[in-house]
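All remarks here apply to the structure that follows.
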């Protein structure tokens with residue numbers, strides 16, 4: 001075997017895979033946001049506030065039972081909002097706490113406390129260790145679940161507009177909107193650059209070549225960003241931009257919103273009270 | 001001879017530390033998810049970032065305001081996309097760069113910190129990368145520490161170097177490496193203070209479970225070996241590319257008058273920043289046992305084995321009761337927090353004294369100028 005058949009995918013393939021999965025992810029989220037479900041029909045501003053409230057309740061809790069209850073609430077909300085349960089659970093428990101799972105492993109053994117399980121080789125899992133690990137895992141998983149629900153059930157431009165409820169200045173929201181938009185443009189540009197390079201390769205480039213390629217691509221993207229930002233500024237000016245954004249405010253609270261808001265508020269207060 | 005059963009003894013301490021290292025080596029993540037930091041820490045981190053955001057906004061106002069909106073948006077998008085590049089290192093490892101050092105070199109640290117914060121916000125909201133409550137902490141590490149440190153080092157080394165000099169490439173690389181490693185150190189501190197400050201009655205840690213002695217090396221060492229190397233290499237290589245292909249991009253900062261300013265107020269600002277770092281690091285002193293050398297009280301002298309207490313010391317030791325004895329605020333019931341607050345209070349008192357002193361001196365100087373002006377007239 002010569003070096004052409006490398007075991008690992010090269011830098012270009014891996015970057016391409018990553019770029020495409022990001023694009024796919026945001027398209028998929030958008031498709032769920034268009035479904036008919038509970039969270040989709042709630043006012044986005046209210047969803048932002050209730051999500052923050054729930055995150056606060058999750059992160060203030062000193063009780064594992066309360067954390068488990070809040071995770072149950074996240075699952076219930078997902079089911080009511082037509083989010084595919086398998087996808088939802090998998091995304092949280094396989095993908096994101098993979099990191100937390102590895103990090104948390106030694107906690108079982110190094111935290112001092114009464115013994116819970118004796119393993120062979122004299123290794124002891126302590127009660128405090130198991131508790132500490134559970135706290136971290138459950139807290140991270142529940143927090144991530146709530147955040148994902150918000151994003152999955154709200155289309156991105158509505159969500160960004162709803163951030164105004166946090167008293168963010170309009171300019172900040174405008175910048176966030178433009179960033180999200182141009183992330184997609186730059187991702188497509190990077191995708192095209194890597195794809196065209198990939199299709200002209202006859203062997204796997206060396207590490208040094210790949211590094212140079214990555215840097216040159218980043219440099220080209222930087223140049224393009226400067227250029228595009230200049231063009232965008234000119235086009236904003238030519239359309240009469242005066243330094244502050246104007247948006248149509250389409251938000252209006254319905255009866256369902258009030259019920260939902262009251263229910264979540266009550267649940268969060270109970271959770272914070274129980275989890276003291 | 002009695003039979004001794006064979007038992008495998010794993011040296012517990014080193015093995016477990018290694019495990020933690022290995023865990024972080026695999027992941028080397030900088031984006032802190034929700035659940036690792038207590039809400040109190042998250043709130044404090046937001047407060048710490050605010051002045052830097054304000055500084056960035058102020059800088060933006062100084063320049064043409066509307067022109068910067070698309071510029072920031074595009075640099076935030078660029079930072080996001082660069083974070084996706086899987087850059088290979090010699091030896092076969094790959095990793096991601098943050099692009100914070102690069103943004104600081106092209107835009108200046110104040111505006112770069114706004115752009116990176118924007119990218120982090122999009123990542124936290126739409127891609128679940130980094131927590132929402134932890135957004136302040138992530139912004140502090142990656143959008144403040146990283147660009148400011150990188151930029152300071154880049155400027156210090158490349159000062160007066162021509163635009164195409166090799167010294168600039170080296171400066172960019174070292175800036176990127178140091179910036180991200182320092183950011184990792186701060187993340188380690190944020191993780192490490194959790195078990196000290198927040199635990200249940202029986203000692204179970206509620207948030208990130210590792211103490212400072214584990215969390216700091218676990219964050220710093222893998223970053224110094226992998227992620228920071230990538231950040232440095234990418235920054236240096238992109239700078240070299242820009243030197244070859246797009247020099248106007250490198251001149252942007254100079255044109256807006258950053259460099260002219262660098263000698264005066266910026267240095268002072270760096271000093272303030274360093275002071276802030278030291279304040280945040282004060283609880284580290286709690287890790288060391290014993291009293292500071294030479295600062296023993298009367299009772300401690302006795303316990304050190306000194307046969308007698310100097311009469312004068314015994315008499316005078318009750319004379320002055322400090323308002324914050326041993327840097328403790330009993331009302332808080334928490335030694336580390338009290339330490340940080342004491343340090344902040346001390347710095348504030350000193351700052352106010354020197355500010356008043358400075359006002360006085362400046363008045364005198366101004367008066368002198370006025371006198372001289374009158375003489376000229």
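Can you tell me how segment A:171-238 classifies by the Cα gyration tensor, rounded, prolate or oblate, using a/c under 1.5 as the rounded cut?
Prolate is the answer for segment A:171-238, as a/c is 1.5 or above and a/b outweighs b/c.
From other protein chains only, count the Cβ atoms within 10 Å of every residue's Cβ in A:10-19, then give the mean.
Mean partner-chain Cβ count within 10 Å for A:10-19: 4.
Using a 10 Å cut-off on Cβ to Cβ distances, tally the other chain neighbours for every residue of A:49-61 and report the average as a whole number.
Counting Cβ atoms of other protein chains within 10 Å of each residue's Cβ and averaging gives 3.
Order by neighbour count: B:168, A:239, B:67, fewest other Cβ atoms within 10 Å first, most last.
A:239, B:67, B:168
Rank the residues B:114, A:89 as a footprinting-exposure proxy: fewest other Cβ atoms within 10 Å of their Cβ go first.
Final ranking by Cβ density, sparse to dense: A:89, B:114.
Just checking the output field for B:240-247: average partner chain Cβ neighbours within 10 Å of each residue's Cβ?
Other-chain Cβ atoms within 10 Å of each residue's Cβ, averaged: 4.
For residue A:269 and residue A:76, compute 0.36 nm times the residue count separating them, minus their Cα-Cα distance, and round to one decimal in nm.
So the extension gain works out to 67.6 nm.
Sorted by packing (mean other beta-carbon atoms within 10 Å per residue), highest first, where do B:34-44, A:136-146 land?
Going from most to least packed, we get A:136-146, B:34-44.
Would you work out if segment B:176-218 is rounded, prolate or oblate? Take a ≥ b ≥ c from the square roots of the eigenvalues of the alpha-carbon gyration tensor; rounded if a/c is under 1.5, else prolate when a/b is larger than b/c, oblate otherwise.
prolate
Want the number for residue A:185 to residue A:234: 0.36 nm per residue separation, take away the alpha-carbon distance, what's left?
Residue separation times 0.36 nm, minus the Cα-Cα distance, leaves 15.8 nm.
From the Cα gyration tensor of chain A, with a ≥ b ≥ c the square roots of its eigenvalues, which class applies: rounded if a/c is under 1.5, or else prolate if a/b is larger than b/c, or else oblate?
oblate
For chain A, what is the mean residue ellipticity at 222 nm derived from helices alone (per DSSP H run of n ≥ 4: -39500 (n - 2.57); sum divided by total residues; nearest 500 deg cm²/dmol)?
-23000 deg cm²/dmol
Estimate the FRET efficiency between residue A:246 and residue A:56 by the formula 1/(1 + (r/R0)^6), using the beta-carbon distance for r and 41 Å for R0, to the nearest 0.05.
My answer for the efficiency is 0.80.
If the elastic network links every pair of Cα atoms under 10 Å, which of A:46, A:116, A:265 fluctuates the most in the Gaussian network model of chain A?
Its mean-square fluctuation being the largest, the pick is A:116.
Can you give me the C-alpha center-to-center distance between segment A:123-157 and segment B:151-176, rounded to a whole angstrom?
Spelled out, the Cα-based centre of one part sits 42 Å from the other.
Bear in mind that the values in this text are calculations on the coordinates, not laboratory data. Note that the structure is a prediction, hence the values are computed from the model and not measured. Quick reminder, even Gly has a Cβ in these numbers, built from the backbone with ideal geometry, and neighbours come from all protein chains shown.
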